[in-house]
């Protein structure tokens, strides 16, 4: 969510006059940021300096009420969990404030369906995905390792890492002594992943990097044999998009991802990666074994994914779509006033 908000705001601001209201000082906390943002929006509207307000997160939806009071058109981006989250107080907050926007941008079809399910008018929804920076081709400093799987992401239940370590990795490890799984990320499921590995006797197959820097992540994506994104279904939680799958493809790292939620938007099956049935251990084992047995074919798959992403999934294409929408919404708003 933070990356998308950053990219949209900064890239639009490079193209046309725009004012970015961002939480730059953590010391303010959420209440302080919300109050400061409200004052900035109010001041801009009073001076008639705002042609359109884009809110990057439904949590900030109250700011749109200020803009609408001055006849300023408003747009909000919905990421998925921000409408699926089921806490009673948040549901009430969402019901009160997430209404009246001129347009709702959903980052995937899964986020769109989640938005419709909570009452967002479908005729005002526009699906615009997420882009990615395509790194320069590797210079040979890090050849792709054999038998090196990679997981990148926050360790929460829906990411499916505990399931993968419990039901898939032990079978693969039984026939491939050199197989290792690099894990870049941290989160509440860490203990569950460790417990699953320990129970299967494969704890030594895990290489932990923790909440590593972007540099460590980039290096792992450049060197791994395969990137796995084994999400599972969790009631009340969804994967809005799955940008890791896109980043891996951009790095030329072949991607295997669960065909679930927004991952079906992030991965174009057969072009930028391969989609597999969620929690189907046999299908995952077979797909991974096929690629580990054919390193050259696996590498070609990664390079094909890189080419596809570089042609179809850049940030420029995403910002073009946002700008077209902003132009239409601002024009309609001007007509309305």
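Mean residue ellipticity at 222 nm, helices only, the chain: -14500 deg cm²/dmol; runs of at least 4 DSSP H residues each add -39,500 (n - 2.57), and the sum is divided by the number of residues.
Can you divide the C-alpha Rg of region 148-312 by 2.2 N^0.38 Å and report the result to two decimal places?
So the Cα radius of gyration is 0.94 times the expected 2.2 N^0.38 Å.
The mean sequence separation of alpha-carbon pairs under 8 Å and at least six residues apart, normalised by the residue count of region 43-88, gives a relative contact order of 41 percent. With respect to the chain, whose longest principal axis is taken over its alpha-carbon atoms, helix 29-46 is tilted by about 40°.
Given a cut-off of under 8 Å on Cα pairs at least six residues apart, what relative contact order in percent is computed for the chain?
17
Judged by the mean number of other Cβ atoms found within 10 Å, the most tightly packed of the peptides 123-129, 53-59, 240-246 leads the ranking 240-246, 53-59, 123-129.
Structural descriptor for region 148-312: relative contact order 23 percent, calculated from alpha carbon pairs under 8 angstrom and at least 6 residues apart.
Please give the helix 88-97 orientation as an angle from the longest Cα principal axis of the chain, in degrees from 0 to 90, rounded to the nearest 10. The helix 88-97 is inclined about 40 degrees to the chain. Fewest-first ordering of 280, 316, 82, 290 by other beta carbons within 10 Å of each residue's beta carbon gives 316, 290, 280, 82. Extent along the principal axes, Cα only, for region 111-195: 54, 38, 22 Å, with the longest axis given first.
Note on region 154-251: Rg/Rh from Cα positions, Kirkwood definition for Rh, rounded to two decimals, is 0.95. Measuring between their Cα centroids, region 299-321 and region 46-106 lie 30 Å from each other.
In the chain, the longest principal axis of the Cα atoms and the axis of helix 281-292 are about 70 degrees apart.
Taken together, the values in this text are just the output of simple stated rules run on the coordinates, not laboratory data. Just so you know, these numbers come straight off a predicted model, no measurement behind them. FYI the Cβ positions are ideal-geometry reconstructions off the backbone, even for glycines, and counts take in every protein chain you see.
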